[in-house]
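The values are calculated or read from the model by the stated rules, or taken from the named source; none is laboratory data. Keep in mind that what you see is a predicted model, and the values were worked out from it rather than measured. Cβ placement follows ideal geometry from the backbone for every residue including glycine, while neighbour counts extend to all protein chains displayed.
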Amino acid sequence: MKTKTVRKVSVCTALIALGLVFAVPLQATTILIDLGNAISWRGVDTPSPDLNGHYWNSVWSGAYYPGLIDIDGNRTSINFGFSSAGGTDSYNGPAGVTSNPPTPAEIAATDIDAAALGNLGIKEAAMDYYVNSTFEIQGLDPAKTYNLTFFGSHKYSPDTTTVYSIYTDGTFSTLVASVSLDVQDAQSPWLHNRDKVAVLTGLAPQTYNILYVKFAGATGSEGYLNALQIDEVPEPACLALLAVGGLLAWKRR
């Protein structure tokens with residue numbers, strides 16, 4: 001198997017050197033997850049498709065989610081489930097004071113910079129959140145790596161910063177990578193995060209082809225996660241693009 005791989009790479013490299021091919025990345029899968037839904041406390045479902053035509057998975061900790069849909073509405077082999085949940089709400093998130101269930105006016109009042117948040121900049125996805133939780137992203141391809149984009153937002157929090165971490169297995173004891181995000185303004189805690197995300201790139205699937213994710217406050221208090229984007233990063237595909245004239249010239253030899 002190893003020899004076969006080396007031969008493929010060497011042929012591809014030789015063709016590139018001859019100017020006959022170039023590397024083009026395969027179409028990557030993107031998955032959007034809204035943490036909190038119409039079943040969770042003071043939560044809402046994100047419209048699917050949303051105003052950008054993107055499809056969402058609105059989740060809560062009381063269910064397991066096999067076969068997540070991607071941003072284009074296609075079913076995937078990737079699964080999602082909570083290992084532990086510290087709580088869920090929307091109160092004092094980007095929408096401020098909310099009811100159960102949130103009213104249309106409260107949803108409309110969700111204060112985010114949609115352009116800055118990109119795919120995650122949808123009010124229904126941004127307004128609700130989970131607190132200090134662990135979850136698993138399962139069914140990943142071991143031949144690929146993944147990027148995770150986190151949006152966390154809350155006001156009046158004891159801990160300004162949330163840390164998002166990846167671990168090797170379900171014990172959540174051996175750290176692989178982590179990134180931090182301020183969910184509120186450090187000097188003005190009544191101002192929630194409305195335009196910043198944290199990103200972890202190049203993550204390889206861990207034990208059983210799973211990404212084990214944990215988030216919590218940086219000093220041990222509450223941490224928040226409102227929405228998550230998963231991007232699958234495939235290996236580049238070596239595509240032979242030969243001009244018709246070049247093919248004909250090669251055939252004449």
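Checked against the criterion of being among the β-branched types (Val, Ile, Thr) and closer than 15 Å to Ile112 by Cβ, the candidates Thr134, Thr160, Thr149, Thr207 yield just one match: Thr149.
Every listed requirement among (1) in a loop (DSSP other than H, G, I, E, B); (2) in contact (Cβ under 8 Å) with a residue 40 or more places away in the chain is met by Tyr55 save one, (2). Given the conditions (1) closer than 30 Å to Glu235 by Cα; (2) of a type in the set (Gly, Ala, Ser); (3) in a loop (DSSP other than H, G, I, E, B), which single one is not true for Ser178? Only one criterion in (1) closer than 30 Å to Glu235 by Cα; (2) of a type in the set (Gly, Ala, Ser); (3) in a loop (DSSP other than H, G, I, E, B) is unmet by Ser178, namely (3). Scan the range 181-195 and give yes if some residue there is under 16 Å from Asn147 (Cα atoms) and of a type in the set (Gly, Ala, Ser), otherwise no. No, that holds for no residue. Is it the case, given these coordinates, that Thr3 is at pLDDT below 95, closer than 30 Å to Gly139 by Cα and not in a loop (DSSP other than H, G, I, E, B)? Yes: the conditions hold for Thr3. Give me a count of the residues in the range 87-109 that are surrounded by fewer than 16 Cβ atoms within 10 Å (Cβ to Cβ) and closer than 21 Å to Ser221 by Cβ. Residues that pass the stated criteria total 1. Taking the range 191-207 as the range and being outside any loop (DSSP other than H, G, I, E, B) and within 16 Å of the chain's Cα centre (by Cα) as the test, the residues that pass are Ala198, Val199, Leu200, Thr201, Gly202, Leu203. Filtered by the rule that a residue be over 19 Å from Thr207 (Cα atoms) and of a type in the set (Val, Ile, Thr), the range 153-191 gives Thr160, Thr161, Thr162, Val163, Val179, Val183. For Val213, the criteria (1) surrounded by fewer than 21 Cβ atoms within 10 Å (Cβ to Cβ); (2) not in a loop (DSSP other than H, G, I, E, B) hold in every case but one, which is (1).
Listed here are the residues, each with its yes/no results for (1) in contact with a Leu (Cβ under 8 Å, 6 or more places away or on another chain); (2) under 21 Å from Asn57 (Cβ atoms); (3) hydroxyl-bearing (Ser, Thr, Tyr).
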| residue | (1), (2), (3) |
| --- | --- |
| Glu106 | no, no, no |
| Ala114 | no, yes, no |
| Tyr130 | yes, yes, yes |
| Phe150 | yes, yes, no |
| Asp159 | no, no, no |
| Leu175 | no, no, no |
| Pro189 | no, no, no |
| His192 | no, no, no |
| Lys196 | yes, no, no |
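Please indicate, with yes or no, whether at least one residue in the range 140-156 is out of contact with any strand residue (DSSP E or B) (no Cβ under 8 Å at 6 or more places or on another chain), touching a residue at least 60 places away in the same chain (Cβ under 8 Å), farther than 16 Å from Leu35 by Cβ and exposed (fewer than 14 other Cβ atoms within 10 Å of the Cβ). Full working, then the answer.
At the first step, the residues of the range 140-156 found to be out of contact with any strand residue (DSSP E or B) (no Cβ under 8 Å at 6 or more places or on another chain) are 142-143.
Then drop every residue that is not touching a residue at least 60 places away in the same chain (Cβ under 8 Å), which leaves 142-143.
Filter once more, so that each one left must be farther than 16 Å from Leu35 by Cβ: 142-143.
Keeping just the survivors that are exposed (fewer than 14 other Cβ atoms within 10 Å of the Cβ) gives 142-143.
There is at least one residue in the range 140-156 that is out of contact with any strand residue (DSSP E or B) (no Cβ under 8 Å at 6 or more places or on another chain), touching a residue at least 60 places away in the same chain (Cβ under 8 Å), farther than 16 Å from Leu35 by Cβ and exposed (fewer than 14 other Cβ atoms within 10 Å of the Cβ).
Take Asp159 and tell me if it is closer than 19 Å to Leu228 by Cβ and assigned to a loop (DSSP other than H, G, I, E, B). Before you say what the answer is, go through the steps one by one.
Values: closer than 19 Å to Leu228 by Cβ: no; assigned to a loop (DSSP other than H, G, I, E, B): yes.
So Asp159 does not fit the description; no.
Cβ contacts < 7 Å: first residue without any contact (Cβ under 8 Å) to a residue 24 or more places away in the chain, restricted to the range 213-228; second residue buried (at least 20 other Cβ atoms within 10 Å of the Cβ) and acidic (Asp, Glu), any location; separation 6+ or different chain. Result? That search, which allows pairs on different chains as well, returns nothing.
Which residue out of Gly121, Gly53, Gly81 is closer than 23 Å to Val213 by Cα and out of contact with any helix residue (DSSP H, G or I) (no Cβ under 8 Å at 6 or more places or on another chain)? If you could, list the steps in order and put the result at the bottom.
On the way: Gly121 fails: out of contact with any helix residue (DSSP H, G or I) (no Cβ under 8 Å at 6 or more places or on another chain); Gly53 fails: closer than 23 Å to Val213 by Cα.
Among Gly121, Gly53, Gly81, only Gly81 is closer than 23 Å to Val213 by Cα and out of contact with any helix residue (DSSP H, G or I) (no Cβ under 8 Å at 6 or more places or on another chain).
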